[in-house]
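The values are calculated or read from the model by the stated rules, or taken from the named source; none is laboratory data. Note that this is a predicted model, so its numbers are computed, not measured. Please note: Cβ atoms are built from the backbone with ideal geometry, for glycine as well, and neighbour counts cover all protein chains shown. Protein only, heavy atoms only, side chains kept; ligands, DNA and RNA dropped before computing areas. Shrake-Rupley method; radii C 1.70, N 1.55, O 1.52, S 1.80 Å.
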Amino acid sequence: MASRDAAERAAFFARREAAAVLRRVLRGDATRRAAGSIKSLVYSPTVRNKRATFALVCQTLKYLPILKEVLGSSGILNSKCKKQEELVVVTAYDILFGQGIAVSGSAEQLIMTHKDTLSNALDRICAKRKVSNVEDLLGKKTEVKPKPRFLRVNTLKTTTDSVVEELGKIHMVDKDDMVPDMLVLPPGTDLHSHPLVTNGKVFLQGKASCMVAVALSPKPGWKVIDACAAPGNKTVHLAALMNGEGSIIACELNKERAKTLQHTVRRSGANNIQTVNGDFLDIDGNDPSYAEVRAILLDPSCSGSGISAERLDYLLPSYSRGEQDDASTSSRVLKLSAFQKKALSHALSFPSVERVVYSTCSIHQAENEDVVNAVLPLATSLGFELATPFPQWHRRGLPVFEGSEHLLRTDPEDNLEGFFIALFVRKVACGGVEEPSEDVALEVPRKLVRRRRNRFRAFSSLRLSRMILCSNRGLW
Ligand SMILES: C[S@@+](CC[C@H](N)C(=O)[O-])C[C@H]1O[C@@H](n2cnc3c(N)ncnc32)[C@H](O)[C@@H]1O
């Protein structure tokens with residue numbers, strides 16, 4: 001009896017957590033302005049029972065068209081219930097197709113009262129469509145080939161060998177042969193609530209995503225900008241690559257996502273990151289505060305078409321309506337592409353920057369090769385060249401312009417998500433290792449600006465303090 005009570009209580013709370021996530025998922029899908037993927041919304045810090053919530057959200061979405069039809073035909077979703085529509089839908093899923101125990105809560109009582117009516121409506125729909133069970137009513141299944149579970153060891157808090165030793169006690173663990181501090185575990189390994197993850201010693205980050213910061217290769221002590229930073233996986237990877245030395249300004253436009261970014265930074269233990277809630281395009285590269293920025297990571301908003309399977313987009317209503325098909329020429333992608341070109345041109349225009357990495361998790365040429373090609377004349381005029389990140393990697397950019405072989409693509413065929421990386425490098429005098437830039441004018445502004453920096457410090461700190469959200473540690 002006590003265990004039944006505990007199970008019912010757990011189910012009660014899981015339904016409410018699932019309903020809250022479902023509301024955000026459906027609103028984001030309807031407006032095409034998702035606050036995050038289904039997974040990222042479930043695995044956000046505010047959700048307590050992540051496993052049950054994830055299962056309930058996914059299953060409810062899978063059954064959503066049927067649930068809406070059944071609830072609609074029974075008149076249950078009347079205006080009285082409208083405010084808690086998602087909770088009613090989740091509860092209806094749970095009672096009709098899930099575990100079925102529900103004794104407390106108004107939504108539960110509503111569905112229990114009408115359970116027979118709902119079951120009869122379901123039978124009628126099956127009979128009308130000439131199918132013998134509900135599973136046959138569901139659309140065709142989308143098969144997603146399981147990918148290995150990648151994770152990145154946060155070397156600010158631990159060592160790769162100690163993580164291998166700890167995880168190796170229960171899992172098969174391999175070190176990745178290309179990306180340092182990246183471990184590979186069998187597909188489906190669930191580590192979301194593992195202490196190594198919750199305490200920030202390990203980040204559940206895909207291999208392709210980790211290749212971006214490694215491609216940028218900032219040195220310890222550098223000043224770096226992560227231009228579009230939330231949720232912050234690449235920001236904290238940069239901090240680890242820099243051994244926590246130097247400084248990173250992590251800029252994020254969206255207020256809510258800026259909070260997630262701060263949470264990621266705290267979890268990483270990095271203390272050389274300033275988070276800024278603002279528009280990267282508003283950061284003035286000629287402001288003395290940014291005179292010594294040497295590297296910029298630009299991973300701007302994109303269509304996410306390279307990770308749509310991992311994001312479970314096939315569960316979204318817009319997917320079943322066919323609105324996500326062949327978006328390569330859609331106005332949304334073209335709009336994104338225009339922003340990406342603007343942001344990349346802006347990053348390249350910072351006077352002291354030597355390295356800019358541009359990345360997307362899109363498979364569309366319009367967001368990848370076309371963006372790079374469009375900014376190439378500007379990049380060349382500023383002394384940048386395309387460099388070849390991970391030269392040993394076989395899949396390069398689509399051959400749509402000369403030089404696209406420098407670009408890097410990853411693909412589900414590589415057992416990875418669809419990512420794109422371009423690396424721009426400006427030749428500068430650097431301890432005799434690299435050739436001095438032929439255009440010494442590129443070096444002059446940096447020295448001048450450095451001198452001016454002290455004079456303008458008061459002005460710039462005032463300007464910055466308006467933007468800085470979290471602690472100002474005097475890094476800039
Ligand atoms: C693809 S996500 C970045 C993912 C992140 N690099 C990571 O690995 O965790 C792009 C982010 O850029 C933010 N963004 C979009 N436009 C921006 C702008 N103009 N300035 C700053 N951030 C922006 C979005 O809100 C979004 O959080």
Inset, instruction - Normalising by the residue count of segment 1-137, find the relative contact order in percent from Cα pairs under 8 Å and 6+ residues apart. - result: 24 percent
Legend entry - Dipole magnitude of segment 1-137, debye to nearest 20 (Cβ charges: Lys/Arg +1, Asp/Glu -1, about Cα centre): 540 debye
Legend entry - Heavy-atom accessible surface of segment 1-137: percent carbon and sulfur, 1.4 Å: 53 percent
Legend entry - Column: log10 I(q)/I(0), Debye, Cα scatterers of segment 116-231, q = 0.19, 0.20, 0.22 Å⁻¹: -1.03, -1.12, -1.29
Legend entry - Residue-normalised accessible area of segment 149-204, given per residue in Å² at a 1.4 Å probe: 50 Å²
Inset, instruction - Please report, as a whole percent, how much of the solvent-accessible surface of segment 149-204 comes from carbon and sulfur atoms (probe radius 1.4 Å). - result: 51 percent
Inset, instruction - For segment 149-204, divide the Cα radius of gyration by the Kirkwood radius and give the resulting Rg/Rh value with two decimals. - result: 0.90
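For segment 197-295, what is one quarter of the convex hull surface built on the Cα atoms, given in nm²? Spell out each step's value before the answer.
Values: hull surface 23.9 nm².
Its Cα hull, projected and averaged over all orientations, spans 6.0 nm².
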Legend entry - Residues of type lysines that LYS128 reaches as a straight line, Cα spacing below 27 Å, ignoring anything fewer than 8 places off in the same chain: LYS62, LYS68, LYS115, LYS140, LYS141
Legend entry - For segment 254-388: accessible area per residue (Å², 1.4 Å): 38 Å²
Inset, instruction - Inverting the mean 1/r over all pairs of different Cα atoms, compute the Kirkwood radius of segment 168-229 and quote it in Å. - result: 13.8 Å
Legend entry - Flagged links, alpha-carbon separation over 23 Å, of LYS175/LYS259; LYS175/LYS234; LYS39/LYS169; LYS83/LYS255; LYS201/LYS234: LYS175/LYS259; LYS39/LYS169; LYS83/LYS255
Inset, instruction - Mind ranking 121-129, 14-22 by how tightly packed they are, going by the mean number of other C-beta atoms within 10 angstrom, highest first? - result: 14-22, 121-129
Legend entry - Overall Cα dimensions of segment 1-137 - principal axes, largest extent first, Å: 44, 43, 30
